[in-house]
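Asker: Following this message is one structure expressed as structure tokens.
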Amino acid sequence: MRVNFTVNGRRQRADDVWEGESLLYVLRERLGLPGSKNACEQGECGSCTVTLDGVPVCACLVAAGQVEGREVGTVEGLADGDRLSEVQQAFLDAGAVQCGFCTPGLLVQATDLLRRRADPSDVEIREALAGNLCRCTGYEKIVDAVRLASRREAGDA
């Protein structure tokens with residue numbers, strides 16, 4: 001089947017998509033967008049988090065055929081050319097990136113949180129990121145990064 005959808009504001013087409021193919025596979029292997037990571041393939045780790053019509057989803061659990069005519073946002077779409085988004089820069093500045101495997105999903109999820117709630121509490125940050133597993137950082141630096149991005153977006157840092 002052919003799937004037509006928008007990724008990071010650009011119309012895309014994937015041909016010869018088979019019935020059980022995941023959105024994650026299409027993004028990584030057919031469209032050359034490797035930012036979303038393939039880790040568990042069960043929706044448990046959050047490494048493949050993207051937005052579908054503005055809602056965070058695990059791309060490994062979405063059948064490619066389900067995105068026909070819809071809008072997908074990936075980690076590659078967060079930056080503006082060579083300029084990192086506030087969330088991306090805050091993750092770097094706060095030391096929230098270690099091995100980097102979980103980082104794309106965390107960035108997408110944190111960006112969505114700050115879009116919905118400009119000044120989230122630590123509890124809200126932890127709740128929003130609960131579906132994203134990180135085995136390196138212990139999460140403190142990640143929470144710090146989201147707080148920093150929130151302050152910067154508000155003009156307080």
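Asker: Would you please give the residues with an amide H less than 5 Å from that of Val7, counting only those at least 5 places away or on a separate chain, with H modeled from the backbone geometry?
Answerer: Distant-sequence amide H within range of Val7: Gln12, Val72.
Asker: By its C-alpha gyration tensor, with a ≥ b ≥ c as the square roots of the eigenvalues, how is the chain shaped: rounded for a/c under 1.5, else prolate for a/b larger than b/c, else oblate?
Answerer: Here the chain falls in the prolate category.
Asker: How much of the DSSP bridge set in the chain is antiparallel, in percent, rounded to the nearest 5?
Answerer: In the chain, DSSP labels about 85 percent of beta bridges as antiparallel.
Asker: While we're here: Using only the Cα atoms of region 108-151, build the gyration tensor, take square roots of its eigenvalues as a ≥ b ≥ c, and label the shape rounded, prolate or oblate: rounded if a/c is under 1.5, else prolate if a/b is larger than b/c, else oblate. Don't jump to the answer; show the numbers that get you there.
Answerer: Values: a/c = 1.89, a/b = 1.47, b/c = 1.28.
Prolate, since a/c reaches 1.5 and a/b exceeds b/c.
Asker: Check Ser22: other-chain or 5+ apart residues with amide H under 5 Å from its amide H, H built from backbone geometry?
Answerer: Residues meeting the criterion, in which the H sits 1.01 Å from N, are Ala64.
Asker: Could I ask something else about it? For the chain, what is the mean residue ellipticity at 222 nm derived from helices alone (per DSSP H run of n ≥ 4: -39500 (n - 2.57); sum divided by total residues; nearest 500 deg cm²/dmol)?
Answerer: Working: 4 runs with 43 residues, N = 157.
Counting only the DSSP helices, I get -8000 deg cm²/dmol.
Asker: Hey, another quick one. Please state the charge dipole magnitude for the chain, taken about the Cα centre, from unit charges on C-beta atoms (+1 on K and R, -1 on D and E), reported in debye and rounded to the nearest 20.
Answerer: Computed about the Cα centre, the dipole is about 160 debye.
Asker: What list of ³J(HN,Hα) values in whole Hz, one per residue of region 113-129 in order, does the Karplus curve 6.51 cos²θ - 1.76 cosθ + 1.60 (θ = phi - 60°) give from phi, with Gly and Pro shown as x?
Answerer: With coefficients 6.51, -1.76 and 1.60, one gets 4, 5, 5, 7, 9, 5, 10, x, 6, 4, 5, 5, 5, 4, 5, 5, 9 Hz.
Asker: So what is Rg over Rh here for region 77-141, counting just Cα atoms and using Kirkwood for Rh?
Answerer: 0.93
Asker: Using the Cα centre as the reference, give the magnitude of the dipole from point charges on the C-beta atoms of region 74-154 (Lys, Arg: +1; Asp, Glu: -1; all else neutral), rounded to the nearest 20 debye.
Answerer: Charge dipole, region 74-154, about its Cα centre: 120 debye, nearest 20.
Asker: Separate question: Which three extents, in whole angstrom, do the alpha-carbon atoms of region 28-86 cover along their principal axes, largest first?
Answerer: Projected onto its principal axes, the Cα set of region 28-86 covers 32, 27, 22 Å.
Asker: Can you give the Rg and Dmax of region 1-63 based on its C-alpha atoms, in angstrom?
Answerer: Rg, Dmax (Cα atoms, Å): 11.0, 29.
Asker: For region 60-115, what percent of Cα pairs sit more than 19 Å apart?
Answerer: Value for region 60-115 (Cα pairs over 19 Å): 36 percent.
Where a number appears in this text, it was derived from the coordinates with a stated rule and is not lab data. Here the structure is a predicted model, which means the values were calculated and not measured. Counting neighbours? That spans all protein chains shown, and the Cβs are built from the backbone with ideal geometry, glycine included.
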